[in-house]
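S.K.: Can you keep this structure in mind? I'll have questions shortly.
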Amino acid sequence: MARIIGGLTTSHIPAIGNAVPREKELVNDPYWKPFFAAYPPAREWLRKAKPDVAIVFYNDHGLNFFLDKMPTFAIGAAFQYRHADEGWGIPTIPPFQGDPELSWHIIDSVVRDEFDLTTCQEMLVDHGFTVPMSLFWPGNTYTEVKVIPVQINTVQHPLPSPARCFKLGQAIGRAVASYPKDLKVVVLGTGGLSHQLDGERAGFINKKFDLMCLDKIVNEPEALTRLSIHELVKEAGAQGAEFILWLAMRGALTGKVTKIHSSYHVAVSNTATGLLVLENAA
Ligand code: DHB
Ligand code: FE
């Protein structure tokens with residue numbers, strides 16, 4: 001049977017995607033050193049764990065979905081996903097390989113579980129998806145894993161609540177556990193932690209709240225699911241609402257969860273960066 005062996009989260013700031021190909025020359029750069037220093041344990045865990053599939057909870061920022069058509073939840077069921085982000089020029093990283101059979105198994109299972117996802121047989125992915133993949137699989141070795149993008153709206157209100165995203169994660173966890181192929185699966189949650197990119201509170205960061213989230217998500221995620229989306233925006237900033245993607249990831253971990261590694265660094269660009277590696281034992 002397929003099983004979820006762990007969950008990883010990281011911020012997905014586009015500037016990181018731009019820095020990743022130059023990581024070797026930036027490791028001693030005062031701005032980037034504390035950021036990149038946090039990643040080797042996460043990469044090492046993945047190298048040893050050798051997952052077959054990564055299910056990635058991410059948010060589209062206006063590339064594949066725009067304000068005219070904004071699904072609350074959408075899932076990829078394509079053979080391949082291409083990076084076509086805005087800004088910095090169209091990147092040339094390799095495409096991501098899909099697993100349509102597992103995608104459709106998940107879709108069947110979660111629709112039966114009363115989550116009505118938008119199913120995408122074609123889907124472009126942006127920095128919300130690609131930056132974490134390039135960060136966790138150095139040299140873009142993510143070509144070794146198949147991917148399933150799960151998109152959650154964090155752009156146009158009303159956004160789904162933390163509790164609803166956690167339950168979607170749980171439903172996807174049940175779907176994976178009922179898949180007959182012997183696959184090792186990791187789940188990723190991308191974005192966060194606190195940040196606000198525009199408006200009166202542009203540059204807003206809430207370290208106290210972020211550290212509380214990083215702590216509670218390990219063994220008391222239910223406490224975080226009691227937040228309303230408006231409380232989350234107030235505490236974490238308009239774009240800090242991306243934390244719902246971390247909660248979806250955490251919902252999918254239904255076994256015994258152990259923290260392997262975490263990091264918090266303020267700031268890259270306008271964002272408090274967070275990193276978490278959780279192991280999920282049966
Ligand atoms: C930044 C952060 C984001 O989450 C994003 O999607 C785009 C930009 C930033 O801090 O620059
Ligand atoms: Fe973002």
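The values are calculated or read from the model by the stated rules, or taken from the named source; none is laboratory data. Please read these numbers as outputs of a predicted model, since none were measured by experiment. Here the Cβ positions follow ideal geometry from the backbone for every residue, glycine too, while neighbour counts run over all protein chains shown.
S.K.: When you scan region 1-49, how many residues do you find that are loosely packed, with under 14 Cβ neighbours inside 10 Å and closer than 23 Å to D126 by Cα?
M.R.: Counting residues in region 1-49 that are loosely packed, with under 14 Cβ neighbours inside 10 Å and closer than 23 Å to D126 by Cα gives 1.
A quick yes/no check of all residues on (1) at pLDDT 95 or above; (2) within 16 Å of ligand 2 (Cβ to nearest atom); (3) not charged (D, E, K, R):
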| residue | (1), (2), (3) |
| --- | --- |
| D29 | yes, no, no |
| A38 | yes, no, yes |
| E44 | yes, no, no |
| D52 | yes, no, no |
| I55 | yes, no, yes |
| N59 | yes, yes, yes |
| P71 | yes, no, yes |
| A77 | yes, no, yes |
| Q80 | yes, no, yes |
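S.K.: More than 16 Å from ligand 1 (Cβ to nearest atom), of a type in the set (S, T, Y), touching a helix residue (DSSP H, G or I) at 6+ places or on another chain (Cβ under 8 Å) and farther than 26 Å from G17 by Cα - does that describe any residue in region 114-133? Can you show your working first?
M.R.: Keep residues of region 114-133 that are more than 16 Å from ligand 1 (Cβ to nearest atom), which gives 114-123.
Next cut, of a type in the set (S, T, Y) only: 118-119.
Narrowing further to those that are touching a helix residue (DSSP H, G or I) at 6+ places or on another chain (Cβ under 8 Å): 119.
From what's left, farther than 26 Å from G17 by Cα: 119.
Yes, because at least one residue in region 114-133 is more than 16 Å from ligand 1 (Cβ to nearest atom), of a type in the set (S, T, Y), touching a helix residue (DSSP H, G or I) at 6+ places or on another chain (Cβ under 8 Å) and farther than 26 Å from G17 by Cα.
S.K.: Is it the case that some residue within region 205-227 is in a loop (DSSP other than H, G, I, E, B), more than 19 Å from the chain's Cα centre (by Cα), within 16 Å of ligand 1 (Cβ to nearest atom) and not aromatic (F, W, Y)?
M.R.: yes
S.K.: Moving to a separate point now. What are the residue pairs meeting all of these: first residue in region 185-214, first residue over 28 Å from Q170 (Cβ atoms), second residue more than 10 Å from ligand 1 (Cβ to nearest atom) and of a type in the set (S, T, Y), Cβ atoms under 6 Å, and 6 or more apart or on different chains?
M.R.: Between residues of region 185-214 that are over 28 Å from Q170 (Cβ atoms) and residues that are more than 10 Å from ligand 1 (Cβ to nearest atom) and of a type in the set (S, T, Y), the close pairs are I205/S194.
S.K.: Which of the residues spanning region 229-282 are surrounded by fewer than 23 Cβ atoms within 10 Å (Cβ to Cβ), in a helix (DSSP H, G or I) and among the acidic types (D, E)?
M.R.: Scanning region 229-282 gives E231, E235.
S.K.: Can you confirm whether D198 is out of contact with any helix residue (DSSP H, G or I) (no Cβ under 7 Å at 6 or more places or on another chain), assigned to a helix (DSSP H, G or I) and acidic (D, E)? Walk me through how you get there before you give the answer.
M.R.: Working: out of contact with any helix residue (DSSP H, G or I) (no Cβ under 7 Å at 6 or more places or on another chain): yes; assigned to a helix (DSSP H, G or I): no; acidic (D, E): yes.
Against the criterion (out of contact with any helix residue (DSSP H, G or I) (no Cβ under 7 Å at 6 or more places or on another chain), assigned to a helix (DSSP H, G or I) and acidic (D, E)), D198 does not qualify.
S.K.: Another question, then. Does region 198-213 hold any residues that are on the phi < 0 side of the Ramachandran plot and surrounded by fewer than 22 Cβ atoms within 10 Å (Cβ to Cβ), and which are they? If you could, list the steps in order and put the result at the bottom.
M.R.: Residues of region 198-213 that are on the phi < 0 side of the Ramachandran plot, as a first pass: 198, 200-202, 204-213.
D198, E200, R201, A202, F204, I205, N206, K207, K208, F209, L211, M212, listed by residue number.
S.K.: If you don't mind, there's one more thing I want to ask. Just checking, which of A19, A84 is within 23 Å of N153 (Cα to Cα) and more than 15 Å from ligand 2 (Cβ to nearest atom)?
M.R.: On the way: A19 fails: within 23 Å of N153 (Cα to Cα).
Testing whether each residue is within 23 Å of N153 (Cα to Cα) and more than 15 Å from ligand 2 (Cβ to nearest atom) leaves just A84.
S.K.: Right, here's the next one. Go over the candidates L188, L193, L159 one by one and state the one that is over 26 Å from A42 (Cα atoms), within 16 Å of ligand 1 (Cβ to nearest atom) and buried (at least 21 other Cβ atoms within 10 Å of the Cβ). Step through it out loud before you land on a result.
M.R.: Values: L188 fails: over 26 Å from A42 (Cα atoms); L193 fails: over 26 Å from A42 (Cα atoms).
From the options L188, L193, L159, the qualifying one is L159.
S.K.: Kindly evaluate S263 against the criterion of being away from ligand 1 (no atom under 16 Å from the Cβ) and not aliphatic (A, V, I, L, M). It would help to see each step written out before you state the result.
M.R.: On the way: away from ligand 1 (no atom under 16 Å from the Cβ): yes; not aliphatic (A, V, I, L, M): yes.
Yes; evaluated as a whole, the condition is true for this residue.
S.K.: What number of residues in region 24-59 are without any contact (Cβ under 8 Å) to a residue 12 or more places away in the chain and within 16 Å of the chain's Cα centre (by Cα)?
M.R.: Summing the residues that are without any contact (Cβ under 8 Å) to a residue 12 or more places away in the chain and within 16 Å of the chain's Cα centre (by Cα) in region 24-59 gives 0.
S.K.: Please enumerate the residues belonging to region 140-156 that are within 16 Å of ligand 2 (Cβ to nearest atom), of a type outside the set (V, I, T) and buried (at least 18 other Cβ atoms within 10 Å of the Cβ).
M.R.: P149, Q151, N153
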